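The values are calculated or read from the model by the stated rules, or taken from the named source; none is laboratory data. Keep in mind that what you see is a predicted model, and the values were worked out from it rather than measured. As a convention, Cβ positions derive from the backbone with ideal geometry for all residues, glycine included, and neighbour counts pool all protein chains shown.
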Amino acid sequence: MRKKFIFFILIIFIISCGGPKVKVNEQAINPPNSDEEAIKIYQEALDGMNKGNFLYASKKFSEAEGMLPDIDWASKSALMSSYCLYNINFYDQAILNLERFVRIYPASPYVSYAHYLIAISYYEQILDEDKDIQPLIISKKKIEEYLKKFPDTDYAIDLRFKLDLVINQLAAKELLIARYYIKNEKWIPAINRLKIIVKDYDKTIFVEEALHRLVEINYKIGLKEEAKAAAVLLGYNYNSSEWYEKSYKILNKDYKPIKIDKKKDDGLVKRTIKKILFIDEK
């Protein structure tokens, strides 16, 4: 569905600027001031895209770009070539082509769309990533770069939503790593990971548990002032949280070591969010 939406946007911009339409007559798609060979290749590219042969279409659009004398049509060909690669999940090549596009055609009216496709190409790759945190970090960076450059575009609305998901995924992965360190009694690495969540991802659903774990670990290793500081922050922001109740018990001596309850019912909302964010607590 996402790629159909992006394809729809692509077709809209082609039509709106007087460019080629999909499945139209030859006269409507002939680029101006072009020789017959260039027109033929461009038409072959469109025909390939219409038939779903995106790799073939990408190659033909790229070939047409080098033959079309009109810079607007050449830039459209370059962008459509990149889109075709994106559509068949050739994300790395699509990104290279799109980065080339913004260098060669910086004045193009579609440069914001090209940057959007770059950000989306990075984002699509994290959906296939199960373990590595690096694609998440890169995706976050690229989305933030786009929002800084083009904050008022329609694409920015979509990317703001995706940025929230990326940030939640990053926080979730940091918490999973922290839990691993806690399980293996590696207290300092665990504290460092938990502090990242509190500092960088404080608006996510995972900050409450992160603060509680800081209370728990700091108290356990004798850093009681640090434990109290984390508890104060937790109580001030989440005083009705179950995690605050657990932290309160720790600081009031009614504390028994708490194991991470991986089967605990967090409620439908949190369970659904965690499924969306691919959190595996097995």
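Data table
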| item | result |
| --- | --- |
| Subset of region 118-134 (residues that are more than 17 Å from Y201 (Cα to Cα), at pLDDT below 85 and not basic (K, R)) | I126, L127, D128, E129, D130, D132 |
| Residue in region 147-175 that is nearest to the chain's Cα centre (by Cα), counting only those that are of a type in the set (A, V, I, L, M) and more than 18 Å from D202 (Cβ to Cβ) | L159 |
| Subset of region 158-217 (residues that are buried (at least 20 other Cβ atoms within 10 Å of the Cβ) and among the polar types (S, T, N, Q)) | N168, Q169, T204 |
| Any hit, region 238-246, residues being part of a helix (DSSP H, G or I) and over 33 Å from the mean Cα position of the chain (by Cα) | yes |
| Any chance A38 is crowded, with 16+ Cβ neighbours inside 10 Å and more than 27 Å from the chain's Cα centre (by Cα) | yes |
| Region 63-82 residues that are surrounded by fewer than 23 Cβ atoms within 10 Å (Cβ to Cβ), paired with ones that are among the hydrophobic types (A, V, I, L, M, F, W, C) (beta carbon under 6 Å, 6 or more apart) | E63/I41; M67/A38; A74/L68 |
| Matching option when the condition is farther than 30 Å from I126 by Cα, at pLDDT below 90 and of a type in the set (A, V, I, L, M, F, W, C), among I221, I258, I217, I279 | I258 |
| In region 87-142, the residues that are within 18 Å of A171 (Cβ to Cβ), outside any loop (DSSP other than H, G, I, E, B) and not β-branched (V, I, T) | Y123, Q134, P135, L136, S139, K140, K141 |
| Qualifying residue in region 67-90 (condition: in contact with a helix residue (DSSP H, G or I) (Cβ under 6 Å, 6 or more places away or on another chain), at pLDDT 90 or above and more than 19 Å from Y105 (Cβ to Cβ)) | yes |
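Residue-wise test of (1) exposed (fewer than 14 other Cβ atoms within 10 Å of the Cβ); (2) not assigned by TED's automatic domain parsing to the domain that holds G52.
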| site | (1), (2) |
| --- | --- |
| I88 | no, no |
| P106 | yes, no |
| I118 | no, no |
| I133 | no, yes |
| K141 | yes, yes |
| K148 | yes, yes |
| A156 | no, yes |
